[in-house]
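Contents: one structure, followed by commentary.
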Amino acid sequence: MSAKVFIDGHAGTIGLRIRELLAGRRDIAILEVDEARRKDPSHRRALLNECDVAILCLPDDAAVEAVSWIENPNVRVIDGSTAHRVSEGWVYGLPEITPSQREAIARSKRIANPGCWPTGVSLLLRPLIDAQLLPTDQAISVHGLSGYSGGGKSMIEKWESPEHGLINLPYEVPYALTTKHKHIAEMMRYGGLVAEPQFVPAVGSFRCGMRIEIPLHASLLPESCGARDIFEEYEVRYRDERFIRVVPFEDAQKSQERTLDPRACNGTNRVELRVVAHPGGHVLLVAVLDNLGKGASGAAVQSLNLLLGFPEATGLDA
C-alpha cells in the first residue's frame, strides 16, 4: 500500500514545491484537504491523525498547534517551520551533518526540517569543528545572498510587484542588520559553535538560489592548516554523499563573473561546497544551494524517504 502523506500548508511556497516533488509517485498517496472544509480545524485534525507522515509547512505557532493535535502515536512529523529545530525530542533533518544522523532520522517520529541558511553554514563548519581545525568558540562571520522566494508569499509578491520596482534592482539588499536572525541558534547547534556568529544575510533580485560565504582569517586557523587541508577534510567527510558536491580544489581557485552564481543548484537537491585560498593564508568557504530545494522542500522529501524506508534519492535530482 502507498504511504499516506498529509502536507499541512500545501498552498504555501514550500508546500507547493513538495507537492511537485511527490507528484506521480506511486509509493505515496497525498491526503487532500476538502476545499469545502479547508477552514474547519477538525478536518485538518482528522487528516493529521489519519496520515502516516505529516509535513508541516506552517508558521511557527501554527506548527506547534498542529503537533498538539496529533493523538495517533504512529504518525510521524516533518516540521518545516523553525519551531522545533533546536527542541529536545526532535531530530534535525540534515542526514549529512554527522555519520549517525541518517539513521537517527529514519528511526524518529519527529523531524525538524533544516533552514536554508543553517544548511549551508552547518555543512561548511561542522566538519572543521569535528576535526578540531576550528575551535567551537571561534569568531565566525557569515555573509549570505538568497533569492526572494526565501521570504515566502509576501516577499515574492513584494519583489515581483511593479509597484515596488524591486525585480530589476541592480544590487543586493542586506536585512536583519539590527536584529538577531532566528536561524542563529540553529547555526550554532548544528554547526558546532558555542560563540554566536555574525550573520549578514541579503536578498537579491532573483527568485531562487542561495550563496553562503564564510571568510576565515589566517589567524583563526592552526599554523599547519591551509585551504587544501580544509578541502581534503570536506572530501573525506562528503565523499559518499549523493547531494553534496565538493568542487575540485584547482577548479575552486578559478573565478569569473558567473562562477559563484547563487542559482547554480536551482531545481536540484544539491549543495556545492568550495574552498578558495587567498594570499597570506586566508580562506573563503562557499556553499551554493537552492533555498527551496535542499534548503527546504528537497530536504523534507529526503527525510520523508528515509522515514518510509524508500531509497533516499527517490524523486530528487542531484
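Read the figures in this text as sums done on the coordinates, not as results from a lab. These numbers were taken from a predicted model, which means no experiment stands behind them. We place every Cβ from the backbone using ideal geometry, glycine too, and count neighbours over all the protein chains shown.
Its relative contact order, with pairs defined as Cα atoms under 8 Å and 6+ residues apart, puts segment 116-291 at 29 percent.
Annotation: average projected area of segment 51-93 is 2.9 square nanometres, based on the convex hull of Cα atoms across all directions. Among Thr178, Thr119, the order by Cβ neighbours within 10 angstrom, fewest to most, reads Thr178, Thr119.
Using only alpha-carbon positions in segment 2-139, the gyration tensor eigenvalues give semi-axes of 31, 15, 14 Å once each is multiplied by 5 and square-rooted (largest first). Just so you know, the Cα atoms of segment 116-291 work out to an Rg and Dmax of 16.4, 55 Å. The modelled label-to-label distance between Glu50 and Leu177, using points 7 Å beyond Cα along the C-beta direction, is 5.0 nm. DSSP beta bridges fully contained in segment 191-308 are about 80 percent antiparallel. For segment 184-200 and segment 289-309, what is the centre-to-centre distance using only Cα atoms, to the nearest Å? The two parts, judged by their Cα centres, are 22 Å apart.
Entry note, the chain: the mean residue ellipticity at 222 nm calculated from DSSP H runs of n ≥ 4, each adding -39500 (n - 2.57), is -8500 deg cm²/dmol after division by the residues and rounding to the nearest 500.
Across the chain, Cα pairs under 8 Å and at least six residues apart give a relative contact order of 19 percent.
Subtracting the Cα-Cα distance of Asp27 and Ile156 from 0.36 nm times their residue separation leaves 43.2 nm of extension gain. Here Ser122, Ser161, Ser154 are placed in order of increasing Cβ neighbour count within 10 Å, fewest first, which gives Ser154, Ser161, Ser122. Remark: Arg228, Arg85, Arg242 ranked as Arg228, Arg242, Arg85, counting other beta-carbon atoms within 10 Å and listing the fewest first.
The overall shape of the chain is prolate: from the C-alpha gyration tensor, with semi-axes ordered a ≥ b ≥ c, the ratio a/c is 1.5 or greater and a/b exceeds b/c.
Within a straight-line Cα-Cα reach of under 29 Å, Lys294 can be paired with the following lysines, leaving aside sequence neighbours fewer than 8 residues apart in one chain: Lys4, Lys109, Lys153, Lys158, Lys180, Lys182, Lys254.
The label-point distance for Glu20 and Asp229, in a model that sets each label 7 Å from Cα toward Cβ, rounds to 4.3 nm.
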